[in-house]
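The values are calculated or read from the model by the stated rules, or taken from the named source; none is laboratory data. Since we're looking at a predicted model, the values are computed, not measured. So basically every Cβ, Gly included, is an ideal-geometry build from the backbone, and we count neighbours across all protein chains shown. Side chains included, ligands, DNA and RNA excluded: accessible areas come from the protein's heavy atoms. Shrake-Rupley method; radii C 1.70, N 1.55, O 1.52, S 1.80 Å.
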Amino acid sequence: MELKQLLTDLTAIDSTSSLSNEPLVSYIETYFEGSDVACDRLVSHEDRKYNVLLTKGNPSEVGLTLCGHM
């Protein structure tokens, strides 16, 4: 998928904070399905909210973690 299409898809998802972020999480899971990136959905303390943990490669002490808000 090209970057332009990815950004178009992501911005089309209503991610208003008062709504569930499940549609966005599902998109991310589908995007990485079949790749070498593991995608884990983590239930948040907020109702209908989730966090996503993406992992590539084996865990190590010299790894890189990227965090963001969705």
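Odds and ends about this structure:
- Screening I28 on (1) farther than 11 Å from M70 by Cβ; (2) surrounded by 11 or more Cβ atoms within 10 Å (Cβ to Cβ); (3) in contact with a strand residue (DSSP E or B) (Cβ under 6 Å, 6 or more places away or on another chain) shows it passes everything except condition (1).
- Count of residues meeting criterion [among the small types (G, A, S) and at pLDDT below 95] in region 1-17: 2
- Flag if L6 is open to solvent by less than 70 Å² (accessible area, probe 1.4 Å) and in contact (Cβ under 8 Å) with a residue 24 or more places away in the chain: yes
- Just one residue in the set A38, A12 is within 14 Å of the chain's Cα centre (by Cα), of a type outside the set (D, E, K, R) and surrounded by fewer than 13 Cβ atoms within 10 Å (Cβ to Cβ); that residue is A38.
- Subset of region 41-52 [exposed (fewer than 13 other Cβ atoms within 10 Å of the Cβ) and of a type in the set (A, V, I, L, M, F, W, C)]: L42, V43
- Restricting attention to region 5-40, the residues being among the hydrophobic types (A, V, I, L, M, F, W, C) and in a strand (DSSP E or B) number 3.
- Pairing each residue of region 37-62 that is over 11 Å from V25 (Cβ atoms) with any residue that is basic (K, R) and not in a loop (DSSP other than H, G, I, E, B), provided the two are 6+ apart or on different chains, yields C-beta distances under 8 Å for V37/K56; A38/K56.
- Any chance E33 is at pLDDT below 90 and of a type outside the set (G, A, S): no
- Residues that are at pLDDT below 90, part of a loop (DSSP other than H, G, I, E, B) and more than 12 Å from the chain's Cα centre (by Cα), drawn from region 41-66: G57, N58, P59, S60, E61, V62, G63, L64, T65
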